[in-house]
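No lab work stands behind these numbers, since they all come straight from the coordinates. Keep in mind that this is a model prediction, so the values were computed, not measured. Cβ atoms come from the backbone with ideal geometry, glycine included; neighbour counts cover every protein chain shown.
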């Protein structure tokens with residue numbers, strides 16, 4: 001399996017809003033509404049439809065959450 005690359009906060013910030021770059025917030029709806037990365041979409045990490053993600057498989061996807069608990 002290929003290693004999943006990591007991006008720094010500065011790298012993500014620099015690319016926000018660019019075509020082919022999508023940020024996905026995997027927190028619950030309440031936390032998402034209170035605070036999320038600008039432009040991030042909110043998806044339940046355990047239950048979402050494939051069409052919620054971009055159809056273009058070359059799109060860079062950045063997933064984040066607040067961590068356990």
* Is there any pair with a first residue in the stretch 47-69 that is in contact (Cβ under 8 Å) with a residue 12 or more places away in the chain and a second that is part of a loop (DSSP other than H, G, I, E, B) and surrounded by fewer than 12 Cβ atoms within 10 Å (Cβ to Cβ) whose Cβ atoms are under 6 Å apart and which are 6 or more apart or on different chains, and what are they? -> 59/20
* Structure fact -> A careful count of residues in the stretch 27-40 that are under 22 Å from residue 55 (Cα atoms) and either surrounded by fewer than 17 Cβ atoms within 10 Å (Cβ to Cβ) or over 12 Å from the mean Cα position of the chain (by Cα) (or both) gives 3
* **Selected residue [assigned to a loop (DSSP other than H, G, I, E, B), loosely packed, with under 14 Cβ neighbours inside 10 Å and touching a helix residue (DSSP H, G or I) at 6+ places or on another chain (Cβ under 9 Å)] from 66, 58** => 66
* Asked: Out of curiosity, is residue 19 within 15 Å of residue 63 (Cα to Cα), free of Cβ contacts under 8 Å to residues at least 40 places away in the same chain and loosely packed, with under 10 Cβ neighbours inside 10 Å?
  -> no
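Output the number of residues of the stretch 8-17 satisfying the condition of being in a loop (DSSP other than H, G, I, E, B) and under 12 Å from the mean Cα position of the chain (by Cα). If you could, list the steps in order and put the result at the bottom.
Taking the stretch 8-17 as the starting set, the residues that turn out to be in a loop (DSSP other than H, G, I, E, B) are 8, 16-17.
Checking the rest, the ones that are also under 12 Å from the mean Cα position of the chain (by Cα) come to 16.
Number satisfying all stated conditions: 1.
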* To do: Kindly indicate whether residue 46 is out of contact with any helix residue (DSSP H, G or I) (no Cβ under 8 Å at 6 or more places or on another chain) and in a loop (DSSP other than H, G, I, E, B).
  => yes
